[in-house]
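The values are calculated or read from the model by the stated rules, or taken from the named source; none is laboratory data. In this text, all values refer to a predicted model and were calculated from it rather than measured experimentally. Positions of Cβ are generated from backbone atoms using ideal geometry, with glycine treated the same way; all protein chains shown enter the neighbour counts.
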Ligand SMILES: Nc1ncnc2c1ncn2[C@@H]1O[C@H](COP(=O)(O)OP(=O)(O)OP(=O)(O)O)[C@@H](O)[C@H]1O
Ligand SMILES: [Mg+2]
């Protein structure tokens, strides 16, 4: 095996903050390398330098033994480096093959008097055929003519990967590819990665899920606070526990520990016959009823796209219902605006953190009060109390270990994904709501911070709170909750005591193979 990528003392600074410090990484041709590390450790920064989207401050990158400098990702692709970002960069209104070809369109050629002449017209037929062959070669299950907007998230990701393979890259970097996928899609992706390796490709994968690392990687590199702290073989000595320890620098409890405190008697959240339709008139939330008591965490499990997102929208004031009611401690709150809901004691941790959870250009200190900025503590007679807002930020940054990089109060867009999520978690928990609605709270969050969030959820429950937890992480939703509901096609099809149901049983309800009888 020969080294395909080498970095020598690669360093990236943002102002005074060093995101990567003297990173010396070696990746062998044909291997699957996992890169793991806490939120903000510098994983994406390192990969973006390899892919030409970030310029190193100092240090060298060698590709196939030769020093390279990339001015853009086009240079990196030409060299044989491909990358799929966590947030896809596809054109939804174009077809699969158009997206793959985009930027490398083929022109139609004609022969005039024996001479080949290229016409300024795109040769769709040839392009479509090339993409069909590509799909066949790599055995990707995709229809080249389908519109990207109609595809599942897993299929969109396959288009992104094919786009890179069409450009014949040797190395494929996947930045948190499984964070957006459902369990079945994750299995498929891991199989695909193994196939790509068999075909001679080198794959670098960033993930926070240590079981995936164990499943697919040959070697594992660990980053901590901008440094590459080690690279280990994926053998029996590299257990999820030892890897977590290497990442965080201390032992981490990987499975949430629930205290045996009994569920309370008071109904705090009462959802009754709640329904909503999408813009085509299809019922996306269909006659959903459940109650959450004080001292109780209720989870909603289900394959994404079965109404969980819409249920969260309804409960957090972002969607109109077509029937039903939602009461908090007996008071009707359905149809209230998010700020009115907050005033009623409802905390919201939304699924789409960048669109609904934070305001990216706004500073951390303002994001930590947004939604609560009218509170007496932060606002007197219409004037903001900056000293108090700063004090609040300092306290929460310390308490929740939010890593802020170079400045004391940067805009949230300068934070790593996981740290942006910690801003939301810190804000919602610190305002001490009586009901907490949480969707995918630990998506993209490192193991150390996940442990912290899980502990907080349990502590919060034990203070007498009601929590609704929507998560596609089955271990999380089963481990943390007292009761579990399964959603399928907009309906609640199963209800279980979380400790008494198996993953297999849940899987049957989640896939629609089984369902409980509906009450008359
Ligand atoms: N444009 C920027 N300006 C200032 N600091 C930045 C910028 N982009 C990233 N950083 C900082 O660099 C550090 C490393 O960020 P990076 O995105 O590489 O982390 P990561 O390991 O990928 O984390 P995560 O697991 O949360 O995705 C973070 O602390 C982040 O705040
Ligand atoms: Mg990252």
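Can you tell me how many residues in segment 499-519 are under 24 Å from the mean Cα position of the chain (by Cα) and more than 24 Å from residue 276 (Cβ to Cβ)?
3
Checking residue 86 against (1) outside any strand (DSSP E or B); (2) at pLDDT 85 or above, only one condition comes out false. Which one?
(2)
Just the residues that are touching a strand residue (DSSP E or B) at 6+ places or on another chain (Cβ under 6 Å) and over 13 Å from residue 61 (Cα atoms), please, taken from segment 32-50.
Those that are touching a strand residue (DSSP E or B) at 6+ places or on another chain (Cβ under 6 Å) and over 13 Å from residue 61 (Cα atoms): 32, 33, 34, 35, 36, 37, 41, 42, 43, 44, 45.
Identify all residues within segment 414-430 that are touching a strand residue (DSSP E or B) at 6+ places or on another chain (Cβ under 9 Å) and more than 16 Å from ligand 2 (Cβ to nearest atom); write none if there are none.
Hits for segment 414-430 are 424, 425, 427, 428, 429.
Which residues, counting only those in segment 56-75, are touching a residue at least 40 places away in the same chain (Cβ under 8 Å), at negative phi and part of a loop (DSSP other than H, G, I, E, B)?
56, 57 - these are the residues of segment 56-75 that are touching a residue at least 40 places away in the same chain (Cβ under 8 Å), at negative phi and part of a loop (DSSP other than H, G, I, E, B).
Looking at segment 33-48, is at least one residue buried (at least 18 other Cβ atoms within 10 Å of the Cβ) and either over 22 Å from the mean Cα position of the chain (by Cα) or away from ligand 2 (no atom under 16 Å from the Cβ) (or both)?
no
Keeping to segment 332-357, report how many residues are touching a residue at least 12 places away in the same chain (Cβ under 8 Å), surrounded by fewer than 17 Cβ atoms within 10 Å (Cβ to Cβ) and over 19 Å from residue 375 (Cβ atoms).
Counting residues in segment 332-357 that are touching a residue at least 12 places away in the same chain (Cβ under 8 Å), surrounded by fewer than 17 Cβ atoms within 10 Å (Cβ to Cβ) and over 19 Å from residue 375 (Cβ atoms) gives 2.
Kindly indicate the residue of segment 385-400 that is within 24 Å of residue 350 (Cβ to Cβ) and loosely packed, with under 15 Cβ neighbours inside 10 Å and also modelled with the highest pLDDT among those meeting that condition.
395
Tell me which residues, restricted to segment 287-310, are assigned to a strand (DSSP E or B) and surrounded by fewer than 22 Cβ atoms within 10 Å (Cβ to Cβ).
287, 289, 290, 291, 293
Mind listing whichever residues of segment 137-148 are part of a helix (DSSP H, G or I) and either farther than 11 Å from residue 162 by Cα or within 27 Å of the chain's Cα centre (by Cα) (or both)?
138, 148, listed by residue number.
May I ask you to verify whether residue 423 is within 16 Å of ligand 1 (Cβ to nearest atom), within 17 Å of residue 348 (Cα to Cα) and touching a residue at least 24 places away in the same chain (Cβ under 8 Å)?
yes
Residues of segment 443-462 being out of contact with any helix residue (DSSP H, G or I) (no Cβ under 8 Å at 6 or more places or on another chain) and over 22 Å from residue 43 (Cβ atoms), which ones?
Within segment 443-462, 455, 459, 461, 462 meet the criteria.
Do you know which residues across segment 471-511 are in a strand (DSSP E or B) and closer than 24 Å to residue 444 by Cα?
Within segment 471-511, 484, 485, 486, 487 qualify.
Just name the residue that is nearest to ligand 2 (Cβ to nearest atom) out of those in segment 182-211 that are within 15 Å of the chain's Cα centre (by Cα) and surrounded by fewer than 20 Cβ atoms within 10 Å (Cβ to Cβ).
The extreme case among them is 209.
Quick test for you: out of 411, 433, pick the one residue that is under 27 Å from residue 17 (Cβ atoms) and in contact with a strand residue (DSSP E or B) (Cβ under 7 Å, 6 or more places away or on another chain).
Step by step, each of 411, 433 is checked, and only 411 is under 27 Å from residue 17 (Cβ atoms) and in contact with a strand residue (DSSP E or B) (Cβ under 7 Å, 6 or more places away or on another chain).
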